[in-house]
Every structure is written in structure tokens, then in C-alpha cells.
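Below is one structure; the comments refer to it alone.
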Amino acid sequence: MRATFRKPKSSTYPQMIALGYFLLIVMGTLLLSLPIASRNNISPGFVNAFFTATSATCVTGLVVFDTFTQWSVLGQAVILVLIQIGGLGFMTIITMFSFMLRRKIGLKERELLRESVNTMYIGGIVRLTKKILIGTFLFESLGALILSLRFIPRMGLTAGLYNGTFHSVSAFCNAGFDLMGRFGQNSSLTSFSGDAVVNITIIILIIVGGVGFFVWDDLTKNKHHFKKYQLHTKIVLSMTAILIISGAICFYIFERENLLSGMTIGEKVIASVFSAVTPRTAGFNTVDTTALTPGGRLLTMVLMFIGGSPGSTAGGIKTTTLAVILISLWSSLQNIKSDNIFGRRLEDNALKRASAVVTIYLFLVMNAAFIISATNAVLPLEDVLFEVFSAIGTVGLSTGITGTLDTFGRIVIALLMYCGRVGSLSFALLFTEHRISPFVQNATEKINIG
């Protein structure tokens, strides 16, 4: 009897990307586990190294140790490299080396690149990748120069340049890692809360890194002609502006008698805008996150859940997902059959995909909150929810409970960060096969909804 063999199934592009991030995390974990990666020449342990490597690769910023006081220059360099690769996408970095070696980019690599940067078209993907690399270098270099000029007077030449570069890359990649432990452990940018130049530079880097590479391409092509922008770009820019303005106003209302009290008008405006931008999904803070009012915490969690835009260094459900849901809601309230915005109709399955993303994110958040609350019963529920929203949104803001989590809790948070970086929908697709819709479908029957 002849034996039959099945041809092994090739990996899907989401699976290949997820595997790439996983291997990057493993490499980072091994390097950070080395004693020389720590200032005290003592290994931090596998779980702590794994947590830090995951946070850096997934550009989150949640830490169990203060980055400056725990890690040596080698350890900080490993974290910075993980942030850069994780922010741009490992395929973008691989393509950069292909350019340097003058190696031809094949069709499969182009498709993987398209999936990695989350753009809609494969045509022109190599040109877009070049633009991403050049734009990243320019923005990070300019940000590093400006920040260095502000840091050097307080830190000295070498430390100022190093910190300027580190924080510029961290801000552009929406990572939230900082080296401000010299002014107080886990103090983030609170020491520079009154420095308008540092605040505005970080804000711009976060926004530029968070709007998405596809939007970059559209803006460079059509300049300031809004009508010529593609629908995706129009929605991203509109939602970004709405979230920043409304978020800043709400933050001011919630914190005007709390964290903002005693500040000048200018400082209040900058702090409010910064606190509206950084939860989407940068993780820096210029005010004490642990002292937020209940309203301020709720606002921050909502912004962390929304996140940035597709094809960017940011996480969250994305601005376009929120826009699709709001547009569909408005159409339903007006009893309009199609979902229209800016003179265009959204594709038919847009709402289905948006609903799937939100549902999966909420499912992961709720289950993680249940598990952590069950294994860390002494932690307040609002702190746990804040932590899991920060992890799934790859934000990095915390109320200070990260270091108090047990080993199991840290692993849960690390998995959330991984899911948030890969993308909730892509993560779900890792365990499913692409199926062709059958020609014969079941009969339709109505149900009551709402």
C-alpha cells in the first residue's frame, strides 16, 4: 500500500510577521539576560528580561525596572535597537540591508513588506519603504538634535547627545522608554514638564510616527491639497486632530484642580496636549500618572484603547477603526443604507472588520483583567484595567503596578503587548486558515437586535 504525504502548508504573511517579532523578542531576551546588560553585573532573570524585550520590541514602554538605573549602556543599546526594529517592522530593516547590498526585492518579499507596513497596495511598496527609511532617519535625527540641545546643559555633552538620540527614537517609534531615572526612578519626562521645546518636540515625533507610513506617502505626493488626499489619509488626519483637541480639552477639565493646579496658562495647555497625545501610544508622561483623577484615568484608558493609525509605529484599535464604527452608527441612526464620508462610500466589509478588531481587543482586555485580578487580588481593579489597556494598546503608561505583578501576571501583560503589536485581528488569523466562501450558502433568517 502506497503511503501518501501531504504537502506542508506554507505560512501566511501574518504568521511570518508574528514569527519575526517572536524571534526578535527571543534574541532580545537572551541578550538582556546577560549579567553585563545590567549595571550591577547580575542577570535580571529570564522573565524580567523577556518582559523588557517584549516591551521594547512591541514599542510599549511598560517596565519592571527603571531603564536608567537597571540596565548598563549595553542593555540600553539592546533596548534601543529592539525599539527601532519593532517600530519600523523587521521587514523594513531587512529591506534596508537589501538596498545596501543592491539585492533585488522579490514578489514574496514585496507582499510581506506590504503586510508589515500595513499598506493597501503592493505597487510602489519598495519606493514607499525607501521613503519610510529616509523619513525616519530625518525625523529622528532632527528630534535628537533639538532634544540634545536641551539635555546637554543639564547632563553634559556626551550624556546629552546620547539621551537626545535615545528619546527621539523612543518617541518617534511610540515606545515610551526613557532614561530619566537620573532625576528619579520611573519619573519619565516630569523633570521637563515646564520645557516647551522638549514637550513640543516629543509631541511632534509621536504624532508623525503615529499617523502611518501610507499617510506620509500621500502627503508628500499631494502636499497641502486636502481634496486630493486618499480617503484613508483624510480620515486619519481628521480623527487625529479631533482626538488631540477633544482629549486636551477633556484632560484640562478633569485635571484643572488636580495635576494642573499651580501651573501657568501656557504650562496647562502644553501639559493637556501632551497628555492627550502620549496615550496614543507613546507612554511618556510629564505629570504624575498615579495621581490622575478618576475622570483623567478613564480618559487616558479610552485614548490608549483607540491608539494611533494603521501602518504606523502606534498600537490600539486605530483611528480608522473608530471612524468606521462612528460613520456606520451615524448611517444607522439616519437610516442610510451605505456608509459615506468625504464624498466616498466605505467598502462593504469595513464595519465587519472594525467590529472584529474592537471585539477581539475587548475580549483580550477583559480576560487579562480577570486573570491578573484573580492572581494578584491585592491590586485595585482600576489599576489592573489601566495596566491591561496600556499593554494591549502598546502604550507604556502605568499607575505603578508593573513591578509588583507576579511572574504569571508579567507573562500575561507580555502576551498582551505582543498581541497589540502584531494586531488583534492578525493575531486571531494566525490560528485560522484562509477559506474560500462556499457557492451554496445557508438560508437567511432575521433576528431582533437591540
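Here, each number is a calculation from the coordinates, and none is a lab measurement. What you see is a predicted model, and the numbers here were worked out from it, not measured in a lab. Glycine also receives a Cβ, built like all others from the backbone with ideal geometry; neighbour counts cover every protein chain displayed.
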Sorted largest first, extent of region 13-429 alpha carbons per principal axis (Å): 61, 57, 45
Pair residue 406, residue 182: separation of 7 Å Cα→Cβ label points (nm): 3.9
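So what's the net charge close to residue 146: Lys and Arg +1, Asp and Glu -1, counting the other residues with Cβ under 13 Å from its Cβ?
Charge balance in the 13 Å sphere: -1.
With a Förster radius of 25 Å, plug the Cβ-Cβ distance of residue 223 and residue 336 into 1/(1 + (r/R0)^6) and report the FRET value to the nearest 0.05. Walk me through the intermediate numbers first.
Working: r = 33 Å, r/R0 = 1.32.
It comes out at approximately 0.15.
List the relative contact order of region 13-429 as a percent without decimals, with contacts defined as Cα pairs under 8 Å and 6+ residues apart.
Taking the mean separation of contacting Cα pairs over the length of region 13-429, I get 18 percent.
How high is the relative contact order of region 150-279? Use alpha-carbon pairs under 8 Å, at least six apart in sequence, and give a whole percent.
Working: 111 pairs, mean separation 26.6, N = 130.
Averaging sequence separation for qualifying contacts and normalising by length gives 20 percent for region 150-279.
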Extension gain (nm, one decimal) between residue 231 and residue 291, 0.36 nm per residue minus Cα-Cα: 17.6 nm
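Given a Förster distance of 22 Å, report the FRET efficiency between residue 72 and residue 23 from their Cβ-Cβ distance, rounded to the nearest 0.05.
The formula returns an efficiency of 0.40 here.
How do 221-228, 79-86, 262-269 rank on mean C-beta neighbours within 10 Å, highest first? Don't skip to the answer; put the middle values down first.
Details: 221-228: 10.5, 79-86: 23.9, 262-269: 12.8.
Result, highest mean first: 79-86, 262-269, 221-228.
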Calculated FRET value between residue 258 and residue 154, using beta carbons and R₀ = 35 Å, to 0.05: 0.80
